[in-house]
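Everything on this sheet refers to the single structure shown next.
The values are calculated or read from the model by the stated rules, or taken from the named source; none is laboratory data. Owing to the predicted nature of the structure, the values given are computational and were not obtained by experimental measurement. Counting neighbours? That spans all protein chains shown, and the Cβs are built from the backbone with ideal geometry, glycine included. Ligands, DNA and RNA are stripped out before the accessible areas are found, and what is left, the full protein with its side chains, is counted by its heavy atoms. Shrake-Rupley method; radii C 1.70, N 1.55, O 1.52, S 1.80 Å.
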Amino acid sequence: MDSRGDVVNLTTYDSKVVLVAFWAIWHASSAAPMAGMQTLHEQYDDNDAVAIVGVHKDVDYRKGNPVDYMAENGYTFDLIPDGRNVAEAYGIWSLPQFVVIDGEGEVIHRQTGFGPDDIDAFSEIIDGALAEERTSG
């Protein structure tokens, strides 16, 4: 389910290039990159071929609710608040982890951690995947 209560899973984003950020509100170093995900969301907001999705890996909300956290911080990219199954499907075991999926549903990039240059790095990966789809499609 996403932050609006709509049922979603990653197949909701079929044929899009998707940056998936796996995180948990109680894990400070995984919550910190969410501002970067918002920057990328705003950068690609007018591009229907790109989606930025936060996947909250836990349902232990004693330290905060991810939907509330997103709203309080002005984050408007999609959120899957109970992403345990998605995390399991992608073999996510540590946080934060990021996966970029191309329009064919293939994982084209995977990384653990987030640094100051990663917004630009993710932009290059996303732009490269979009260019590849234009030339092969």
Practice item. Two decimals is fine: what is log10 I(q)/I(0) at q = 0.19 Å⁻¹ for the range 15-69, from a Debye sum with one equal scatterer on every Cα and no solvent? Key: -0.67
Study note, to complete from the structure: With bins of 5 Å, the percent of all Cα-Cα pairs of the range 75-137 per bin from 0 is 3, 14, 21, 24, 22, 11, 4, 0
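Kindly provide the helix-only [θ] at 222 nm of the chain, computed as the sum of -39,500 (n - 2.57) over DSSP H runs of four or more divided by all residues, to the nearest 500 deg cm²/dmol? If you can, show how the numbers build up before the last one.
Numbers: 5 runs with 47 residues, N = 137.
Calculated mean residue ellipticity at 222 nm is -10000 deg cm²/dmol.
Treating the beta-carbon of each Lys and Arg as +1 and of each Asp and Glu as -1, no other charges, what is the dipole magnitude of the range 15-74 about its Cα centre, to the nearest 20 debye?
Working: 4 positive and 8 negative charges, 61 e Å.
The calculated dipole for the range 15-74 is roughly 300 debye.
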Review point. Relative to the longest principal Cα axis of the chain, at what angle does helix 118-136 sit, 0 to 90 degrees, rounded to 10?
Key: 40 degrees
**Study point:** Area of His56 that stays accessible when all protein chains are in place (1.4 Å probe, Å², to 10)
**Key:** 0 Å²
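In percent, how large is the relative contact order of the chain, given Cα pairs closer than 8 Å and 6 or more residues apart?
32 percent
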**Study point:** Surface accessible to a 1.4 Å probe, per residue, for the residues of the chain, Å²
**Key:** 52 Å²
Check your understanding: At Glu132 and Gln111, where each label point lies 7 Å from the Cα along Cα→Cβ, what is the point-to-point distance in nanometres?
Key -> 1.6 nm
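If the only charges are +1 at each Lys and Arg Cβ and -1 at each Asp and Glu Cβ, what is the size of the charge dipole of the chain around the Cα centre, to the nearest 20 debye? Write down the numbers at each step before the final one.
Values: 8 positive and 24 negative charges, 118 e Å.
Magnitude of the dipole: close to 560 debye.
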**Study point:** Computed Rg/Rh of the chain, alpha carbon atoms with Kirkwood Rh
**Key:** 0.94
